[in-house]
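Worksheet: one structure, shown below.
The values are calculated or read from the model by the stated rules, or taken from the named source; none is laboratory data. Quick caveat: nothing in here was measured; it's all calculated off a predicted structure. For neighbour counting, all protein chains shown are included, and Cβ atoms are generated from backbone atoms with ideal geometry for every residue, glycine included. SASA here: full protein model, heavy atoms, side chains in, ligands and nucleic acids out. Shrake-Rupley method; radii C 1.70, N 1.55, O 1.52, S 1.80 Å.
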Amino acid sequence: AQSVTQLGSHVSVSEGALVLLRCNYSSSVPPYLFWYVQYPNQGLQLLLKYTSAATLVKGINGFEAEFKKSETSFHLTKPSAHMSDAAEYFCAVSDRGGTSYGKLTFGQGTILTVHP
Amino acid sequence: DGGITQSPKYLFRKEGQNVTLSCEQNLNHDAMYWYRQDPGQGLRLIYYSQIVNDFQKGDIAEGYSVSREKKESFPLTVTSAQKNPTAFYLCASSISGSGNTIYFGEGSWLTVV
């Protein structure tokens, strides 16, 4: 079975500061990994995904994430936070192949607050 | 525009009633999903379907039912057997297969009154 753990349910940063949202995964097979963002009362929007090409993945809005197999991590970063980055962020894992392929298992989410 | 349409956005249910949430997609995706979202618990999979007339239970299927009679449509019924139905429900779709992006609708709020 696969699972995702997001460390820190709330993260607060100042505008212009580094954003670091942590995600660790557990999977019995090489995973596909995703980061989604959710604004209040809306659906989820894909930020980026790792599908076994480059381990450093660049996404939308200046975000990027690095897949580290040895640490089973896929942390999300952004060099400089903007007020518009305030939202909830979800890390998700999908295994490869099998009868349940394609479906995602989500972490519990991290709410990012950006202070002026 | 292509996308996933969920309706209604807000729905109120009385105790003992069944309610149905609609989900329609025009992305020509084979796979469709229903997730439930509760504060602090992330998203949990209720049901998913990879092809018309076939669907599988997710992690929390009890008290829910679905149908997949058309590729574009995947309605979710919340039955009276679901004891705690108040939540935000998200429909999603994707090209079938691992690693493909799952796209989400805007969600539906269900409240029991």
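Using only atoms on other chains, find how many Cβ atoms lie within 10 Å of each Cβ of peptide B:18-30 and report the average.
Mean partner-chain Cβ count within 10 Å for B:18-30: 0.
Can you tell me how much longer the chain between B:THR20 and B:VAL113 gets when fully stretched, taken as 0.36 nm per residue apart minus their C-alpha distance, in nm with one decimal?
Extra length available between B:THR20 and B:VAL113 comes to 31.9 nm.
If I compute solvent accessible area with a 1.4 Å probe over the protein chains, what percent of it on the protein assembly as shown is carbon and sulfur?
Values: 5350 of 10590 Å².
Answer for the protein assembly as shown is 50 percent, counting heavy atoms of protein chains only.
Within 10 Å of each Cβ of B:47-56, how many other protein chain Cβ atoms are there on average?
The mean count of partner-chain Cβ atoms within 10 Å per residue comes to 1.
Compute for chains B and A the buried accessible surface, both sides summed, probe 1.4 Å, and express it in Å² to the nearest 100.
Buried: approximately 1900 Å² between A and B.
How many angstrom lie between the Cα centre of the stretch B:14-48 and the Cα centre of the stretch A:42-66?
Answer, in whole Å: 24.
Please give the FRET efficiency for B:THR5 paired with A:GLU66, using the beta carbon to beta carbon distance and R0 = 45 Å, rounded to the nearest 0.05.
Once the sixth-power term is evaluated, E becomes 0.80.
Would you list, by chain and number, the lysines whose Cα falls below 26 Å from the Cα of B:LYS70, excluding same-chain residues fewer than 8 positions away?
A:LYS103, B:LYS9, B:LYS57
Return one whole number: the accessible area per residue of the stretch B:1-67 in Å², for a 1.4 Å probe.
52 Å²
When DSSP beta bridges are limited to those with both residues in chain A, what percentage is antiparallel, rounded to the nearest 5?
In chain A, approximately 90 percent of DSSP beta bridges are antiparallel ones.
Can you list the trypsin sites (Lys or Arg not before Pro) in the stretch A:18-116 that are in a DSSP coil and have 16 or fewer other beta carbons within 10 angstrom?
A:ARG96
List for the stretch B:87-102: residues with 30 Å² or greater reduction in accessible area, all protein chains versus chain alone, probe 1.4 Å?
B:GLY97, B:SER98, B:GLY99, B:THR101, B:ILE102
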